[in-house]
Amino acid sequence: MRTPAWTTDDSAELYGIREWGHDYFNIAKTGEVTVKLKDGKKTKDVSLASIVKGLRERGTQLPLLIRFGDLLRWRIDELNEGFASAIKEGKYQGVYRGVYPIKVNQQQEVIEEITRYGRKYHYGLEAGSKPELIAALSYMHDPEAYIVCNGYKDEEFIDLALNAQKMGLQVILVLEMPTELDLILERCEKMGVRPTLGVRFRLSAESAGHWSGSGGDASVFGLNISQLMHVVDHLRERGMLDCLRMLHYHQGSQIPNIRAIRQAVTEATRVYVGLVQEGARMGILDLGGGLAISYDGLKGASEASSNYGTKEYCADIIEAITEVTAEAGVPHPDLITESGRAIVAYYSVLIINILDINRFEPRKSVAELELDKDAPPLLRNLFELRLDAEKHATKTSRDRLQEIYNDAIYYRDKLRSEFNYGKVNLRERAHGEELYWDILTWVSKMLESCGHDGSQMDRLDTIMTDFYYGNFSVFQSLPDLWAIDQIFPVMPIHRLKEKPTRNAVLSDITCDSDGKIDKFAHSSGINPTLPLHDPQIEKGHEYMLGIFLVGAYQETLGDLHNLLGDTNVVSVRVENGKVKYSRELEGDSVSEVLTYVEYDPKDMLTRFRNLAESAVISKRITATERREIMESFEAGLRGYTYFES
Ligand SMILES: *Cc1c(COP(=O)(O)O)cnc(C)c1O
């Protein structure tokens, strides 16, 4: 029986691209991953490999971060239109005025698009620090959009916000801590401004997710109920209860379960209603961030997942608020959310190339096996186990395979301990290890061809695993993968008409043992390895992987581990059917990253030249050699920090 040929559909299913790709990413009939981009009034699916090819012809090296402005704009549409239709359907009386939290991706292009493209929705910004507020005030000039100021505020921060309000912008100062109130009121009095105040409330409703620490009782930010009442009393005494306009909470990021979101909205709306009943002017409810996206495509309530879509999110929020306010007879508040991740995650893709692989190739046949006459008994046992297995291959039962597997492990482990006692020499141990790998590979092949289950034999996974070395740094480009075990979709961007034949762990080029990806979402589950093709580097081919959904939180959390710097970056769009590259940014050069850690490249050059000159004087190298060595040292300083080809 012939097995049916592998198709791009099989690849799509294997890598789950239809689930996490949100129809922005797909696989073309050519076997290449495509991204959907806008082309005039239509859309066009553009191959990522062809985008990379175009850039390589222009001299840009991998790794490369590609940004797609269209995906950012479509995300802005999806969220704003989601609320608009939920508001219409629910006959909700308030409006939605979302704000984008700058910290999630602070790139100028993002802020520019939010303010330019988002203007039709009066989409605003959230600033959590002084530099973010300064960025917000330079771009956000829509008098109907909000600028929400969270975070710790000093006098300068407060003055800046109040001055912006004077100039006609809607800036909301959110009290994160009870002590902030006095300073804000003092500045307001000095400047003669009546502020627009919000309060951040600590929910008691627990959230599920990685970042749940920033909501709930243990949160560093936000006021508890009694502090909230103190603020109300204080404002009432000063005749300023009309300045309290907004209740805010932030449940944490990437809340995978819609029930937790609903629970939080319900609690917050009750508090909101209470504040209205206390006599505060109110009018705005800010639900913070948390709108999750599905990184694993599994649609469950696990951390990397999301069991709801944008539509359901918007509808459930509107419904929950409507219920609580109707009971209390309080008008519907205007709504703010601070969704960051859901807006920018799709926007960037990291493309890397595979530099090398490390794998064990078992011998073609047992005929190649040889053994010294005076080999130690354990080695002989392994040898005979291998020969015997092959001889009776046709009638090997599942139980017999288990037995062979157990024996191989026993002999190999014993051989290792004899080596440690000095009874087995280095070459003998190496030979034993090879036989062990041989036997396990054979067992694994037999299991597969007979359709037996090998799940009890856990060491088989490790022998069938290749290490693929990718040209990237986890620490620079995927900090959340390292810090909080975040899952990102990873898959080849070409050759998807071919069945992947290997299982790999993906290692980066740092020498850190944490510099690897060994948790992948594919085949409807989370797995320690990723099915990949034989990269055929030795034949001069290039094998490229895409790491997707890296637009949120990854860019500025990255660090210079092993002094690997920023990658090259480019923005891509389509015009009249043609791919256009813009905003090309060269990644860090070696001398730049060295400067970040306080080296002086000029001084380094001098030092190295002194070394070279003394080698000339002591006749280790010639003067001409010195020139060549100095040239390559200087080229090294100017070059990309990643592997160049
Ligand atoms: C980080 C943060 C957000 C963004 O949350 P997402 O889950 O990315 O939408 C929103 N509000 C506040 C206060 C935050 O700290």
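Figures for the structure shown
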{"quantity": "When residues of the range 522-570 are limited to those that are away from the ligand (no atom under 16 Å from the Cβ) and among the hydroxyl-bearing types (Ser, Thr, Tyr), the one farthest from ALA292 (Cα to Cα)", "calculated": "TYR543"}
{"quantity": "Matching entry among HIS541, HIS561, HIS522 (being out of contact with any Lys or Arg (no Cβ under 7 Å at 6 or more places or on another chain), surrounded by fewer than 17 Cβ atoms within 10 Å (Cβ to Cβ) and not hydroxyl-bearing (Ser, Thr, Tyr))", "calculated": "HIS541"}
{"quantity": "Residue that is modelled with the lowest pLDDT, among those in the range 387-417 that are in a helix (DSSP H, G or I) and hydroxyl-bearing (Ser, Thr, Tyr)", "calculated": "THR394"}
{"quantity": "Residue list for the range 1-56, filter: among the β-branched types (Val, Ile, Thr) and modelled with pLDDT of 95 or more", "calculated": "THR7, THR8, ILE17, ILE27, THR30, VAL33, THR34, VAL35, THR43, VAL46, ILE51, VAL52"}
{"quantity": "Total residues in the range 250-286, condition aliphatic (A, V, I, L, M) and in contact with a strand residue (DSSP E or B) (Cβ under 7 Å, 6 or more places away or on another chain)", "calculated": "8"}
{"quantity": "Top-ranked residue of the range 91-126 - restricted to ones that are in a helix (DSSP H, G or I) and within 16 Å of the ligand (Cβ to nearest atom), ranked as surrounded by the most Cβ atoms within 10 Å (Cβ to Cβ)", "calculated": "ILE114"}
{"quantity": "Residue that is nearest to the ligand (Cβ to nearest atom) [pool: residues in the range 309-333 that are surrounded by fewer than 24 Cβ atoms within 10 Å (Cβ to Cβ) and closer than 18 Å to HIS250 by Cβ]", "calculated": "ASP316"}
{"quantity": "Leading residue by the ranking (surrounded by the most Cβ atoms within 10 Å (Cβ to Cβ)) among those in the range 484-508 that are part of a loop (DSSP other than H, G, I, E, B), within 18 Å of the chain's Cα centre (by Cα) and among the β-branched types (Val, Ile, Thr)", "calculated": "ILE493"}
{"quantity": "Residue count, the range 130-150 (criterion: touching a helix residue (DSSP H, G or I) at 6+ places or on another chain (Cβ under 8 Å) and outside any helix (DSSP H, G or I))", "calculated": "6"}
{"quantity": "Selection status of ILE351, in contact with a Gly (Cβ under 6 Å, 6 or more places away or on another chain), away from the ligand (no atom under 16 Å from the Cβ) and aliphatic (A, V, I, L, M)", "calculated": "yes"}
{"quantity": "Only listed residue being among the hydroxyl-bearing types (Ser, Thr, Tyr), under 28 Å from ASP518 (Cβ atoms) and at pLDDT below 90, chosen from SER444, SER365", "calculated": "SER444"}
{"quantity": "Unique match (being farther than 20 Å from TYR96 by Cα, touching a Gly at 6+ places or on another chain (Cβ under 8 Å) and more than 14 Å from the ligand (Cβ to nearest atom)) among ARG245, ARG236", "calculated": "ARG236"}
{"quantity": "Any hit, the range 369-378, residues being touching a Leu at 6+ places or on another chain (Cβ under 9 Å), in contact (Cβ under 8 Å) with a residue 12 or more places away in the chain and surrounded by 19 or more Cβ atoms within 10 Å (Cβ to Cβ)", "calculated": "yes"}
{"quantity": "Number of positions in the range 44-67 that are under 20 Å from ALA345 (Cα atoms) and exposed (fewer than 15 other Cβ atoms within 10 Å of the Cβ)", "calculated": "0"}
{"quantity": "Residues that are closer than 14 Å to ASP438 by Cα and outside any helix (DSSP H, G or I), drawn from the range 368-386", "calculated": "LEU369, GLU370"}
{"quantity": "Close pairs from the range 136-148: first closer than 15 Å to GLN107 by Cα, partner outside any helix (DSSP H, G or I), Cβ under 6 Å, at least 6 apart", "calculated": "ALA136/LEU125; ALA136/ALA127; ALA136/ILE147; MET140/LEU125; MET140/ILE147"}
{"quantity": "Selected residue (criterion: nearest to GLY128 (Cα to Cα)) from residues of the range 195-217 that are more than 15 Å from the ligand (Cβ to nearest atom) and at pLDDT below 95", "calculated": "ASP217"}
{"quantity": "Selection count, the range 275-293, where residues are closer than 21 Å to SER226 by Cα and more than 16 Å from the ligand (Cβ to nearest atom)", "calculated": "8"}
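Conditions (1) surrounded by 13 or more Cβ atoms within 10 Å (Cβ to Cβ); (2) within 30 Å of ARG73 (Cβ to Cβ); (3) within 26 Å of the chain's Cα centre (by Cα), marked per residue:
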{"position": "ARG573", "(1), (2), (3)": "yes, yes, yes"}
{"position": "VAL579", "(1), (2), (3)": "yes, yes, yes"}
{"position": "THR595", "(1), (2), (3)": "yes, no, no"}
{"position": "PHE608", "(1), (2), (3)": "yes, no, no"}
{"position": "ILE621", "(1), (2), (3)": "yes, no, no"}
{"position": "ARG626", "(1), (2), (3)": "yes, no, no"}
{"position": "SER632", "(1), (2), (3)": "no, no, no"}
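Let's see how each residue does on (1) modelled with pLDDT of 95 or more; (2) buried (at least 20 other Cβ atoms within 10 Å of the Cβ); (3) more than 16 Å from the ligand (Cβ to nearest atom):
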position: ILE134; (1), (2), (3): yes, no, yes
position: MET140; (1), (2), (3): yes, yes, yes
position: PRO143; (1), (2), (3): yes, no, yes
position: TYR152; (1), (2), (3): no, no, no
position: ILE158; (1), (2), (3): yes, yes, yes
position: LEU162; (1), (2), (3): yes, yes, yes
position: LEU173; (1), (2), (3): yes, yes, no
position: MET177; (1), (2), (3): no, no, no
position: GLU186; (1), (2), (3): yes, no, yes
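The values are calculated or read from the model by the stated rules, or taken from the named source; none is laboratory data. It should be emphasised that the depicted structure is a prediction, and the values quoted were computed from it without experimental measurement. Note that each Cβ is placed from the backbone with ideal geometry, even for glycine, and that neighbours are counted across all protein chains shown.
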